[in-house]
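Before any comments, here is the structure.
The values are calculated or read from the model by the stated rules, or taken from the named source; none is laboratory data. If you're wondering where the values come from, they're calculated on a predicted model, not measured in any experiment. Cβ coordinates were reconstructed from backbone atoms using ideal geometry, including for glycine residues, and neighbour counts include every protein chain displayed.
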């Protein structure tokens with residue numbers, strides 16, 4: 001008789017503009033780059049058997065929330081983790097600190113990789129203390145490279161959060177990394193012990 005492994009945690013990878021779909025930025029058409037899909041694939045090679053991973057785009061906000069509710073109904077103790085890049089970085093913050101809080105669902109680890117407003121016309125949503133308290137560990141990375149490339153200019157024009165979330169993060173990193181490099185952001189040291197956000201995710205994925 002085969003043993004059934006119960007899923008104890010789920011990690012959602014949320015891409016930004018042109019990650020999961022082709023999009024237009026001014027006169028430029030871009031994507032899909034699958035940057036967060038590649039991050040998911042890399043974690044899938046190393047994660048534990050009780051971890052499930054899913055990949056969405058930033059436009060899938062409603063679908064993500066619906067899926068989280070479905071997962072919680074199946075297993076009330078499942079740990080919800082979200083990792084988002086660019087517009088996806090703002091979306092994971094909003095889902096964890098606004099939408100899930102309204103539903104009385106706690107988020108475990110939430111990582112925003114150089115978050116950018118989901119729409120240029122949106123205001124910057126800086127969470128209050130109650131909202132931040134809905135997340136066990138919030139990690140935010142601000143990409144501020146010495147030498148900028150086109151992805152950095154797109155982020156700046158689109159509404160990059162910059163250091164606005166610094167005082168609302170458990171770990172906040174400002175790094176000499178270009179906006180379009182989510183994997184190097186995940187490999188940054190969070191503290192003087194050298195631990196990275198990637199290692200935090202791996203450790204979480206291997207928990208029973």
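Figures for the structure shown
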read-out	value
Residue check for residue 108: modelled with pLDDT of 95 or more, under 22 Å from residue 51 (Cα atoms) and not in a helix (DSSP H, G or I)	yes
Residue in region 160-171 that is closer than 25 Å to residue 37 by Cα, in contact with a helix residue (DSSP H, G or I) (Cβ under 7 Å, 6 or more places away or on another chain) and surrounded by fewer than 19 Cβ atoms within 10 Å (Cβ to Cβ) present	no
Candidate set: region 179-190, residues that are part of a loop (DSSP other than H, G, I, E, B) and out of contact with any helix residue (DSSP H, G or I) (no Cβ under 6 Å at 6 or more places or on another chain); chosen: the one surrounded by the fewest Cβ atoms within 10 Å (Cβ to Cβ)	188
Test: residue in region 191-205 that is in a helix (DSSP H, G or I), modelled with pLDDT under 95 and surrounded by 19 or more Cβ atoms within 10 Å (Cβ to Cβ)	no
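Quick grid of which residues meet (1) touching a strand residue (DSSP E or B) at 6+ places or on another chain (Cβ under 9 Å); (2) loosely packed, with under 15 Cβ neighbours inside 10 Å; (3) in contact (Cβ under 8 Å) with a residue 12 or more places away in the chain:
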residue	(1), (2), (3)
74	no, yes, no
89	yes, no, yes
96	yes, no, yes
115	yes, no, yes
124	no, yes, yes
130	no, yes, yes
134	yes, no, yes
144	yes, no, yes
154	yes, no, yes
